[in-house]
């Protein structure tokens with residue numbers, strides 16, 4: 001990974017850059033940027049709070 005690519009990865013990992021911003025900086029699609037991050041062991045930032053919020057939203061939406 002290039003020096004700029006490393007800086008971009010650090011920005012993504014620290015949640016200072018979105019995957020869309022990463023894609024734009026790297027000149028790739030969002031799909032390709034996600035693949036590049038994953039290939040270098042950098043998973044999408046998704047906290048326990050994010051999970052809990054999503055779970056509550058699904059519970060609310062799926063209630064009969």
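Coordinate-derived values only; no laboratory data. Note that the structure is predicted; figures quoted are calculated from it, not measured.
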As I understand it, the value is the acute angle between the Cα axis of helix 30-39 and the longest principal axis of the Cα atoms of the chain; what does it come to in degrees, rounded to 10? 80 degrees
Roughly what angle does helix 3-13 make with the longest principal axis of the chain, taking Cα atoms, 0 to 90 degrees, to the nearest 10? 10 degrees
Based on the alpha-carbon gyration tensor of the chain and its eigenvalue square roots a ≥ b ≥ c, which shape applies: rounded if a/c is under 1.5, prolate if not and a/b is larger than b/c, or oblate? prolate
Select from 32, 24, 52 the residue whose mean-square fluctuation is largest in a Gaussian network model of the chain (Cα-Cα springs shorter than 10 Å). 52
